[in-house]
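Structure, as structure tokens:
The values are calculated or read from the model by the stated rules, or taken from the named source; none is laboratory data. Everything numeric here is computed off the predicted structure, so don't read it as measured data. For neighbour counting, all protein chains shown are included, and Cβ atoms are generated from backbone atoms with ideal geometry for every residue, glycine included. Please note that ligands, DNA and RNA were not included when accessible areas were found on the heavy atoms of the full protein model with its side chains. Shrake-Rupley method; radii C 1.70, N 1.55, O 1.52, S 1.80 Å.
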Amino acid sequence: MRLKDEFSHNNDDDDEEETKTMSQCSIGALQQQQKNVVVVVGYALTSKKVKSFLQPKLEGFARNKGILFVAIDQNRPLSDQGPFDIVLHKLTGKEWRQILEEYRRTHPEVTVLDPPDAILHLHNRQSMLQCVADMNLSDSYGKVGVPRQLVIKRDASSIPDAVAKAGLMLPLVAKPLVADGSAKSHELSLAYDQYSLQKLEPPLVLQEFVNHGGVLFKVYIVGEAIKVVRRFSLPDVTKRELSKNAGVFRFPRVSCAAASADDADLDPSVAELPPRPLLEKLAKELRRRLGLRLFNLDIIREHGTRDHFYVIDINYFPGYGKMPGYEHIFTDFLLSLVQSRYKKKS
């Protein structure tokens, strides 16, 4: 956290010489902006993420609350930049992880969102859902689990035998094993028959398809804040359809923002959101187990039940720009991080 007078200009000769080239108007605007800064957030994001996340409405709202977003120059040592209160990032690669880990070690006063090793856990769909499976969350508000799944790392010809041995039931959803946020990692296929499984491309994860009324719940988590939206998903598959259809059906992306179901005329039994206490308990436990504060869950309700839910995907630093009211939720979260650290320091 920055005290407002920490940003006042020095009066040495170099600064005076530099400011002579600036108009009085621009100097005044810069000084006013600096005086209002309380939190400095350095960000290292892909150009696509910058465009979707750092929208003018977020930057303007943040500025009014004393939060300044500053781009991190990846061509300069991170320790030479700043000072930052928070580092916000979503980049991949071993080199970047090493840079961040070193920065966390040498700058313990800076909050890094989130630890790179913890994020890496969500890049693999085999390990991604293990935390949920280990929890076996069940209480008076409902039960949360994960679909039965099987990992195939190579040799598509072996898939039918592996599926039969594991006892998985058709149809099966096939997802890429690596979940790195790329367009390809969001592609999925639905396989209707045993023979067609050989047409799939490992490495992948196979999940038993659970009928869920064609609607999933995208649960955004920002620290302790939770926001839920409805999205259209794959339609239910009846036994009759399963017996008549064969092959693999590919879907480039399911549950994107364009598929919002919040305003659709849905059956109340399908549209009803998961109970808030259940989501709060789930989010709290996952924050602890994953060591992450920025992620979302794709959750479905088994069709014909009211309280049986499955987590089918977890994504790190998802498309918050599509979340209603994200600028309010995110700026409150950033301020709370710095205030919490400032209190501990005091």
Quick check on packing: order 65-71, 179-185 by the mean number of other C-beta atoms within 10 Å, highest mean leading. 65-71, 179-185
What full-extension length gain, to one decimal in nm, is calculated for Val151 and Arg105 as 0.36 nm per residue of separation minus the Cα-Cα distance? 13.0 nm
Which of the peptides 49-57, 73-81, 188-196 is most tightly packed, and how do the rest follow, going by the mean number of other Cβ atoms within 10 Å of each residue? 188-196, 49-57, 73-81
Assuming R0 = 45 Å, can you tell me the calculated FRET efficiency for the pair Met169 and Gln74, based on Cβ-Cβ distance, to the nearest 0.05? 0.45
Taking every other residue with Cβ under 15 Å from the Cβ of Ile72 and scoring Lys and Arg +1, Asp and Glu -1, one gets 0
Area projected by the alpha carbon convex hull of the range 223-337, averaged over all directions, nm²: 9.1 nm²
How far is it, in nm, from the label point at Gln198 to the one at Leu273 when both lie 7 Å from their Cα along the line to the Cβ? 4.8 nm
Output the Kirkwood hydrodynamic radius of the range 287-346, Cα pairs only, in Å rounded to one decimal. 14.2 Å
Rg and Dmax of the range 112-217 over Cα atoms: what are they, in angstrom? 15.1, 47
Distance between modelled label sites at Thr92 and Lys227, nm, 7 Å Cα→Cβ extension: 2.5 nm
Residue-level accessible surface for Arg250, protein heavy atoms, 1.4 Å, Å²: 140 Å²
Would you work out what percent of the accessible area of the chain, with all protein chains in place, is carbon or sulfur (probe 1.4 Å)? 49 percent
Would you work out if the range 48-91 is rounded, prolate or oblate? Take a ≥ b ≥ c from the square roots of the eigenvalues of the alpha-carbon gyration tensor; rounded if a/c is under 1.5, else prolate when a/b is larger than b/c, oblate otherwise. oblate
What percentage of all Cα-Cα pairs in the range 111-169 are separated by more than 17 Å? 60 percent
accessible surface per residue for the chain, probe 1.4 Å, DNA/RNA/ligands not counted, whole Å² -> 53 Å²
Pull out a ≥ b ≥ c, the square roots of the eigenvalues of the alpha-carbon gyration tensor of the chain, then state rounded if a/c is under 1.5, prolate if not and a/b is larger than b/c, and oblate in the remaining case. prolate
Sticking with the crude label model, points 7 Å out along Cα→Cβ, report the distance from Lys143 to Leu242 in nm, one decimal please. 1.8 nm
Over the range 121-319, equivalent-ellipsoid semi-axes from the Cα gyration tensor in Å: 26, 20, 16
Taking 0.36 nm per residue of separation and subtracting the Cα-Cα distance, what length does fully extending Arg288 through Gln339 add? 16.3 nm
Ranked from highest to lowest mean number of other Cβ atoms within 10 Å per residue, what is the order of the peptides 153-160, 41-48? 41-48, 153-160
Mind listing which GluC sites (Glu not before Pro) in the range 71-123 are in a DSSP loop and have 12 or fewer other Cβ atoms within 10 Å? Glu109
